[in-house]
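Okay, so here's the structure we're looking at.
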Amino acid sequence: MLRHVIAPSSGWTKASHAVVRDRRMNSDAKILLLYVQGLPESATGRPLGELARKLEMKGRAYQQAKKQLIEHGYVHEWRGQGDGGRWVTEQLFTNTPLTRDEARAVRARLSPEAAGPTRAERLSAPPPSAQSPTVGEPTPPSTGGYVPEEEHVDENTPHPPSEAEPEPNPGPEPEPDPKPGPEPEAGHRPTPAQEPGAEARPPQPPPSPQLTRAERVLLSLRHTRRELLLGVGEARALAVEAAKWLERGLTESELRHALLAEPPKGGVRSAVGFLRHRLTHKCPVAPAPVTPPEPPPPPVRALITCTSEAEEDHVFRPLGDETECADCRRATAYASWMVDTDTYDFPPDMTWRQRFVAVAKADALRGEPA
């Protein structure tokens, strides 16, 4: 591809690749974004809709472009009441996508007065004169920031004072402890499901028969070769790969022979690694799905004689329980149509025999002699 471009200068607007290649925004949103980016500082006081009208972008096109710019973080709006009670919408435009928190921080830096409380928040706060004075008498300041020692006498006294203290307000009586249940027998510890506070776990489904058989084969390898000794957890983890062999038609003896055949010359240093490598790399190919045989064709039915009133007897092979051949059934249907419409027009694909039969049946329906 050949390309001829001019280096950008002060009279050009630079567009980032993130904007040009963004497939989530349409061309109107990108054009509006680049147009506002290249405006001078004197045009920043105009709303986005007025700037879009200079590009002949109105109505649905502008609303769609503005919606995409807001969704992708290029335009942010704040709506609130000013000091005069009028609602004001403040817009922030950026050529780099910003989150809501980042846009709020940029707004506070560019317009410090906009970051303060709104008029509604200021009206909701009570004035200083409306606050009630503090109840009580002023106390002397404490020395050194410590509470006087006399106030800790009651807390530090080892014995209660001799004078009767005022009884506190009686609170709600504590609920009686639940009756203790029967103690468990000696030597019997409650299961986690029986312990108080234990959550009931759903029962796990039993393992498939292939997993059980594969685990049994893996645990039996140590009887033939001691170096292939596996723990229960290791055998259970390898049984997932071994079960694939059984699902593909191999028997347990064939699986055991494949795992024991051709041992490495240097011996097996890791039974788990050796068996996992052999189960993964020597797994047989899955058998091709067996296509069911095609059903046999329906039996050929015997020939029967047509029961229609034709000039000569003829036979046909029925498909169901019909007693007339296809030509006679068509002639009968056409004869009824001829009687209803009182016409003798025939379709071009109708044979002469069908026409004679149709005319004869139509005359019979009209009561005319043949």
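Quick look at the values:
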item	result
Filter result (touching a Lys or Arg at 6+ places or on another chain (Cβ under 9 Å) and either within 25 Å of Asp313 (Cβ to Cβ) or not assigned by TED's automatic domain parsing to the domain that holds Glu312 (or both)) within the stretch 329-356	Ala331, Thr332, Tyr334, Ala335, Ser336, Met338, Phe346, Met350, Gln354
Residue list for the stretch 45-64, restricted to those being in contact (Cβ under 8 Å) with a residue 40 or more places away in the chain and surrounded by 12 or more Cβ atoms within 10 Å (Cβ to Cβ)	Leu48
Odd one out for Cys306, checked against (1) out of contact with any His (no Cβ under 6 Å at 6 or more places or on another chain); (2) surrounded by 10 or more Cβ atoms within 10 Å (Cβ to Cβ)	(1)
Residues of the stretch 222-252 satisfying the condition of being in contact (Cβ under 8 Å) with a residue 12 or more places away in the chain, over 34 Å from the mean Cα position of the chain (by Cα) and more than 18 Å from Ala286 (Cβ to Cβ)	Thr224, Arg225, Glu227, Leu228, Leu229, Leu230, Val232, Glu234, Ala235, Glu252
Residues of the stretch 75-91 classified as within 18 Å of Met25 (Cβ to Cβ) and aliphatic (A, V, I, L, M), total	1
Which listed residue, of Thr332, Thr343, is assigned to a loop (DSSP other than H, G, I, E, B), surrounded by 10 or more Cβ atoms within 10 Å (Cβ to Cβ) and of a type in the set (S, T, N, Q)	Thr343
Members of the stretch 90-107 found to be in contact with a Gly (Cβ under 9 Å, 6 or more places away or on another chain), surrounded by fewer than 16 Cβ atoms within 10 Å (Cβ to Cβ) and not polar (S, T, N, Q), listed by number	Glu90, Pro97, Arg100, Glu102
Residues (more than 16 Å from Lys67 (Cα to Cα), touching a strand residue (DSSP E or B) at 6+ places or on another chain (Cβ under 6 Å) and among the polar types (S, T, N, Q)) located in the stretch 77-113	Gln81
Among (1) in a helix (DSSP H, G or I); (2) modelled with pLDDT of 80 or more - the single one Ala364 does not satisfy	(2)
Tally, over the stretch 266-281, of residues that are at pLDDT 85 or above, farther than 15 Å from Leu221 by Cβ and over 37 Å from the mean Cα position of the chain (by Cα)	1
Matching residues, the stretch 288-328, being touching a residue at least 12 places away in the same chain (Cβ under 8 Å) and outside any loop (DSSP other than H, G, I, E, B)	Ile304, Val315, Phe316, Asp327, Cys328
Where Trp245 falls short, out of the listed (1) over 19 Å from Ser220 (Cβ atoms); (2) surrounded by 10 or more Cβ atoms within 10 Å (Cβ to Cβ)	(1)
Test result for Ala370, at pLDDT below 80, assigned to a loop (DSSP other than H, G, I, E, B), surrounded by 17 or more Cβ atoms within 10 Å (Cβ to Cβ) and at negative phi	no
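Condition check ((1) loosely packed, with under 11 Cβ neighbours inside 10 Å; (2) within 22 Å of Leu228 (Cα to Cα); (3) among the aliphatic types (A, V, I, L, M)) across all residues:
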residue: Leu255; (1), (2), (3): no, yes, yes
residue: Leu259; (1), (2), (3): no, yes, yes
residue: Gly266; (1), (2), (3): yes, yes, no
residue: Gly273; (1), (2), (3): yes, yes, no
residue: His277; (1), (2), (3): no, yes, no
residue: Thr291; (1), (2), (3): yes, no, no
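The values are calculated or read from the model by the stated rules, or taken from the named source; none is laboratory data. The model shown is predicted, which means the values in this text are computed figures rather than measured ones. Ideal geometry is used to build each Cβ from the backbone, glycine not excepted, and the neighbour counts take in all protein chains shown.
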